[in-house]
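This report concerns only the one structure given below.
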There are 2 protein chains.
Amino acid sequence: MTAPDPQLLDRLARLLGPKGYTTDREVIAPWLTDWRGRFHGDSVALLSPADSEEVAAVVRLAGEYNAPLVPQGGNSSMVGGATPPADGSALILSLRRMNRIRSISSDDGVVVAEAGVILANLHDAVAQRGMRFPLTLGGKGSATVGGLVSTNAGGTQVLRFGTMRALTLGIEAILPDGSRFDGLNPLKKDNRGYDIRHLLVGAEGTLGIITAASLRLVPAILDRAVGWIGVDSPHQALKLLRLIEGRAGDAIEGFEIVPADSLSLVLRHIPGTRAPLAGEHPWHVLVELDRSDPAAEAPASQLEALLAAALAEGLCRDATIAVSEAQAEAFWKLRDSISEAERANGPALQHDISVPVSGMPDFMLSAADEIRRTYPGVSVSAYGHLGDGNVHFHVRAPDDAPTEWQTSAGPTISPHVHDLVVAAGGSISAEHGIGQMKLAENVRLADPARLMALSAIKAAIDPKHLLNPGKLVPLATDEAAP
Amino acid sequence: MTAPDPQLLDRLARLLGPKGYTTDREVIAPWLTDWRGRFHGDSVALLSPADSEEVAAVVRLAGEYNAPLVPQGGNSSMVGGATPPADGSALILSLRRMNRIRSISSDDGVVVAEAGVILANLHDAVAQRGMRFPLTLGGKGSATVGGLVSTNAGGTQVLRFGTMRALTLGIEAILPDGSRFDGLNPLKKDNRGYDIRHLLVGAEGTLGIITAASLRLVPAILDRAVGWIGVDSPHQALKLLRLIEGRAGDAIEGFEIVPADSLSLVLRHIPGTRAPLAGEHPWHVLVELDRSDPAAEAPASQLEALLAAALAEGLCRDATIAVSEAQAEAFWKLRDSISEAERANGPALQHDISVPVSGMPDFMLSAADEIRRTYPGVSVSAYGHLGDGNVHFHVRAPDDAPTEWQTSAGPTISPHVHDLVVAAGGSISAEHGIGQMKLAENVRLADPARLMALSAIKAAIDPKHLLNPGKLVPLATDEAAP
């Protein structure tokens, strides 16, 4: 790859003006590395167009000069999906200046937000109108609408309303040829052929630059009940989930499973935390029921009745319901701190995987057994979104492991975990995407039909491979690699 | 195009055996014309593979000999989507022998059905397990799973659970290169790149042959309440819908709007029908609330309270609730007979269109006004799925029109209707697809980005254009046409 043509840079500088174009190394530096510091890239210029017309002009100019573009929102990818290539051939296309909320309709339950709107700001803006955008995640202070749509983001609150795919009613995007896909109108029925919206959701910026999205809103939460439950096993947790789904399906906002060792890591490493239940339990469940409609049953009494039934039917060992918002927050903090507690504890290999919900309990136990047996001394925690069939399967280093354990053990252990996932009919990326990090593993494990379609569609829509090169789609050279 | 190579036919005959291969003109004849008798094609052979391996072998052989294939299920397309080309160049690939239900899981709420399973049989099979597949439509006695998925079918019951797209959790398909896309496992979270499932849903068989699908099941209906309501206008009907959604959103199974003239055509032409309300009303709404959970409020009392509130708030003129299942069926018969009554009345041009729900009331009135003003003597009825933003916009011939009025007036009036739809930000095909019938109109009206993506993806996945040629995707020659 070659460095960007100086003539291109000159034309981009004139197009975008000083607010939209910089080559200042200090300004660019934070955007050259992913937030976890695993991937490092380089780029001579940071482009920040103000509107979709400028984005279209940038895409056309880049096409004219064969210059790759790396779209960026909050730069909070978990898989290096927004880090430019190291050779400096690409330009960073930041959508952060496009941060307008174009409209909010409470009647229709739709917000139209530009790609650069930060998730936390979106939450605030719609809350002021008595509405709620139901998806949230740890990086809400930096993650942007464009990145959330492009990665089909998930999180702990998708059980009721789904991932970004389900919440994205419409998209405006600039395709690689500079044409604008005008798909913001939220049509509930539209059968005019291939669904371009669904193609762009989760495409990681490789097929087009998303400039705005129409997103589904739901009524604000009136009140909630958060419970902490001790269970025997993932199998019992799943039975408990089925019980709650059967009687309060529309109210379940979250259903997370936490093993005893993850909880103990949190209690050890995170100040101010304490266990919600008195006894010891091998597994725990965090459940949240919500209501928006004052005429509906109050979540607290609903959850109380459900947990009483669960105890009576032998579907849990013990349970408690938070008696205040502060306690509800404390329960959630236990769940949300697992990742941080693990980092404090030592090196770990993290796997964001999914299998069919009904197969998850077996998978959690048997895969953990096999990994522990094969790599003596490692610990395994699988925790997270049981109701979505999606857990974070973490393999922690043995106590005496050297600091570079991740680098040395990863290339052996992670493919082993992925093989087990594939054997269980699952996905090696449930919610984080492929990016750079899982590119080779996806090529190794995806079935030929899926890889054929992936490469063929990329070549058809972006024949010069200029949008987010090196992410998600293998180049011919990647495919040839062993 | 040339006739199929005799050597190919010989190899197909040997591959499929006598049950799977026929050249008998009498057997083939019914599948050469669409069910409404508008499109006529020809084909020398009807291929009926028994399983997905045979489908893959047929696709590979056809590719080797450059022979086009036209996939067929129940042959009940509304847009000529399953009728072979008239030149006899293509072979019909019927999926009807693949009619096994592979599995039903009540726990997971998933049925895996092969492409040839007829919708009514699917309903029966899951009902025996206490479950329900919630989508239904007039052609349920002939429409098959493969066709329903390939056309993203809708119907009168999509308000609560969505169209086929939302109900299709997984797909098995043979791609044009003969590879098998194994996507039946219903993963709730899977971010491994472009969503092939969503690409195949609604692709009208142009990107792959769907051989099986995993479909969402919901609990069986315990009881229902069906109401018939007189309203002033579509605007009032929409306000009524918002009221019901706000208080009983999860229970709304159907919400259909019927204008006075459609009702009077039904009363005139369909024996045994009578008006549910005593007075005259300019517009009517049919609403159905359901419950599956015995602990939920009974739909009848829920609907009674809602309609009392609507009357008090001036959101309707009069209303009645069916007092028996027989009366509920009679209310639905009024709605379901509109098409038949119109056909009995005389020639009409039918348009299956959608606009954003909030814009539909304005559109229904203003578009009808403009068409009536421009073409003196015609009548216009817009009726149907108001809650989906999807109405059937029918333009009926003047009283003295000649029998060939449809053929003479169609090429002027239909493009006019479509122009109004596009101006309102809508779709010229809400649920029937593009097929042959709307191919030219879609090319005329779709934005360049959408057409680019449509043609590029088709060329990438099916470079020889062998799957369902002449449907949905314009060939180079179609695009060049004026």
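Quick check: anything in segment A:217-224 assigned to a strand (DSSP E or B), within 13 Å of chain B (Cβ to nearest Cβ), in contact (Cβ under 8 Å) with a residue 12 or more places away in the chain and among the β-branched types (V, I, T)?
Narrowing segment A:217-224 to residues assigned to a strand (DSSP E or B): A:218-219, A:223-224.
If we keep only those that are within 13 Å of chain B (Cβ to nearest Cβ) too, we end up with A:218-219.
Subset that is in contact (Cβ under 8 Å) with a residue 12 or more places away in the chain: A:218-219.
So of that shortlist, the ones also among the β-branched types (V, I, T) come out as A:218.
Yes, there is a match, as at least one residue in segment A:217-224 is assigned to a strand (DSSP E or B), within 13 Å of chain B (Cβ to nearest Cβ), in contact (Cβ under 8 Å) with a residue 12 or more places away in the chain and among the β-branched types (V, I, T).
Please state which of the following conditions B:A237 fails to meet, knowing it meets all the rest: (1) without any contact (Cβ under 8 Å) to a residue 24 or more places away in the chain; (2) away from chain A (no Cβ under 11 Å).
Going through the list (1) without any contact (Cβ under 8 Å) to a residue 24 or more places away in the chain; (2) away from chain A (no Cβ under 11 Å), B:A237 breaks only (1).
Checking the structure you have, find out if any residue of segment A:247-264 is within 13 Å of another protein chain (Cβ to nearest Cβ), under 24 Å from B:G202 (Cβ atoms) and surrounded by fewer than 24 Cβ atoms within 10 Å (Cβ to Cβ).
Scanning segment A:247-264, I find no residue that is within 13 Å of another protein chain (Cβ to nearest Cβ), under 24 Å from B:G202 (Cβ atoms) and surrounded by fewer than 24 Cβ atoms within 10 Å (Cβ to Cβ), so the answer is no.
A:V355: within 11 Å of chain B (Cβ to nearest Cβ), in contact (Cβ under 8 Å) with a residue 12 or more places away in the chain and either out of contact with any His (no Cβ under 7 Å at 6 or more places or on another chain) or closer than 24 Å to A:H235 by Cβ (or both), yes or no?
On the way: within 11 Å of chain B (Cβ to nearest Cβ): yes; in contact (Cβ under 8 Å) with a residue 12 or more places away in the chain: yes; either out of contact with any His (no Cβ under 7 Å at 6 or more places or on another chain) or closer than 24 Å to A:H235 by Cβ (or both): yes.
Considered against the rule, which asks whether it is within 11 Å of chain B (Cβ to nearest Cβ), in contact (Cβ under 8 Å) with a residue 12 or more places away in the chain and either out of contact with any His (no Cβ under 7 Å at 6 or more places or on another chain) or closer than 24 Å to A:H235 by Cβ (or both), A:V355 comes out as yes.
Quick check: is even one residue across segment A:111-118 among the small types (G, A, S), under 30 Å from B:V357 (Cβ atoms) and touching a residue at least 60 places away in the same chain (Cβ under 8 Å)? Don't jump to the end; show me each part of the working.
Taking segment A:111-118 first, the residues among the small types (G, A, S) are A:113, A:115-116.
Filter again for under 30 Å from B:V357 (Cβ atoms), leaving A:113, A:115-116.
Those left that are additionally touching a residue at least 60 places away in the same chain (Cβ under 8 Å): A:113, A:115.
Within segment A:111-118, one or more residues are among the small types (G, A, S), under 30 Å from B:V357 (Cβ atoms) and touching a residue at least 60 places away in the same chain (Cβ under 8 Å).
With respect to the numbered conditions (1) in contact (Cβ under 8 Å) with a residue 40 or more places away in the chain; (2) away from every other protein chain (no Cβ under 13 Å), which one is the sole condition not fulfilled by A:P415?
(1)
Of all residues in segment B:150-164, which are within 12 Å of chain A (Cβ to nearest Cβ) and not hydroxyl-bearing (S, T, Y)?
B:N152, B:A153, B:G154, B:G155, B:V158, B:L159, B:R160, B:G162, B:M164
Within segment B:439-461, is there a residue that is within 12 Å of chain A (Cβ to nearest Cβ), charged (D, E, K, R), within 30 Å of B:I244 (Cα to Cα) and touching a residue at least 24 places away in the same chain (Cβ under 8 Å)?
No, because not a single residue in segment B:439-461 is within 12 Å of chain A (Cβ to nearest Cβ), charged (D, E, K, R), within 30 Å of B:I244 (Cα to Cα) and touching a residue at least 24 places away in the same chain (Cβ under 8 Å).
Name the single residue, out of those in segment A:280-295 being within 14 Å of another protein chain (Cβ to nearest Cβ) and either among the aromatic types (F, W, Y) or surrounded by 16 or more Cβ atoms within 10 Å (Cβ to Cβ) (or both), that is farthest from A:E253 (Cα to Cα). Outline the logic, then answer.
Let us first name the residues in segment A:280-295 that are within 14 Å of another protein chain (Cβ to nearest Cβ), namely A:290-295.
Applying the additional criterion that residues be either among the aromatic types (F, W, Y) or surrounded by 16 or more Cβ atoms within 10 Å (Cβ to Cβ) (or both) yields A:290-292.
Details: A:D290: 6, A:R291: 9, A:S292: 12 Å.
Ranking the candidates gives A:S292 first.
Could you tell me which numbered condition A:V380 fails, if it satisfies all but one of (1) among the β-branched types (V, I, T); (2) out of contact with any Leu (no Cβ under 6 Å at 6 or more places or on another chain); (3) within 14 Å of chain B (Cβ to nearest Cβ)?
(3)
Rundown of residues vs (1) touching a residue at least 40 places away in the same chain (Cβ under 8 Å); (2) over 19 Å from B:V357 (Cβ atoms); (3) basic (K, R); (4) assigned by TED's automatic domain parsing to the domain that holds A:P469, yes/no style:
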| position | (1), (2), (3), (4) |
| --- | --- |
| A:L167 | yes, no, no, no |
| A:I174 | yes, yes, no, no |
| A:G178 | yes, yes, no, no |
| A:L187 | no, no, no, no |
| A:G193 | no, yes, no, no |
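For the subset of segment A:111-136 comprising residues that are within 14 Å of chain B (Cβ to nearest Cβ) and over 16 Å from A:A212 (Cα atoms), which member is surrounded by the fewest Cβ atoms within 10 Å (Cβ to Cβ)?
Going through the qualifying residues, I end up with A:G130.
Looking only at residues that are within 21 Å of B:V79 (Cα to Cα) and aliphatic (A, V, I, L, M) in segment B:196-227, which one is surrounded by the fewest Cβ atoms within 10 Å (Cβ to Cβ)?
So the residue we want is B:L199.
When you scan segment B:171-178, do you find a residue that is assigned to a helix (DSSP H, G or I) and within 12 Å of chain A (Cβ to nearest Cβ), even just one? Give the derivation first.
First, pick out the residues of segment B:171-178 that are assigned to a helix (DSSP H, G or I): none.
No, segment B:171-178 contains no residue that is assigned to a helix (DSSP H, G or I) and within 12 Å of chain A (Cβ to nearest Cβ).
For A:I434, only one of the following conditions fails: (1) within 9 Å of chain B (Cβ to nearest Cβ); (2) within 19 Å of the chain's Cα centre (by Cα); (3) free of Cβ contacts under 8 Å to residues at least 40 places away in the same chain. What is its number?
Tallying (1) within 9 Å of chain B (Cβ to nearest Cβ); (2) within 19 Å of the chain's Cα centre (by Cα); (3) free of Cβ contacts under 8 Å to residues at least 40 places away in the same chain, A:I434 fails exactly one: (3).
For segment B:71-110, name all the residues that are more than 14 Å from every other protein chain (Cβ to nearest Cβ), under 24 Å from B:M131 (Cα atoms) and among the β-branched types (V, I, T).
B:I101 - this is the single residue of segment B:71-110 that is more than 14 Å from every other protein chain (Cβ to nearest Cβ), under 24 Å from B:M131 (Cα atoms) and among the β-branched types (V, I, T).
Only one of (1) without any contact (Cβ under 8 Å) to a residue 24 or more places away in the chain; (2) touching an Asp or Glu at 6+ places or on another chain (Cβ under 6 Å) fails for B:T23. Which number is that?
(2)
Can you pull out every residue in segment A:296-337 that is buried (at least 16 other Cβ atoms within 10 Å of the Cβ), away from chain B (no Cβ under 14 Å) and part of a helix (DSSP H, G or I)?
Within segment A:296-337, A:P299, A:A300, A:L303, A:L307, A:A310, A:A328, A:A330, A:F331, A:W332, A:L334, A:R335, A:D336 meet the criteria.
Being within 14 Å of chain B (Cβ to nearest Cβ), modelled with pLDDT of 95 or more and either surrounded by fewer than 19 Cβ atoms within 10 Å (Cβ to Cβ) or in contact with a Gly (Cβ under 8 Å, 6 or more places away or on another chain) (or both), is that true of even one residue in segment A:341-352? I'd like the intermediate steps shown before the answer.
Just the residues of segment A:341-352 that are within 14 Å of chain B (Cβ to nearest Cβ), to begin with: A:351-352.
Retained after the next criterion (residues that are modelled with pLDDT of 95 or more): A:351-352.
Right, trim to either surrounded by fewer than 19 Cβ atoms within 10 Å (Cβ to Cβ) or in contact with a Gly (Cβ under 8 Å, 6 or more places away or on another chain) (or both) and you get none.
Within segment A:341-352, not a single residue is within 14 Å of chain B (Cβ to nearest Cβ), modelled with pLDDT of 95 or more and either surrounded by fewer than 19 Cβ atoms within 10 Å (Cβ to Cβ) or in contact with a Gly (Cβ under 8 Å, 6 or more places away or on another chain) (or both).
The values are calculated or read from the model by the stated rules, or taken from the named source; none is laboratory data. Nothing here was measured: the structure is a model prediction, and the numbers come from that model. Glycine gets a Cβ as well: all are built from the backbone with ideal geometry, and neighbour counts include every protein chain shown.
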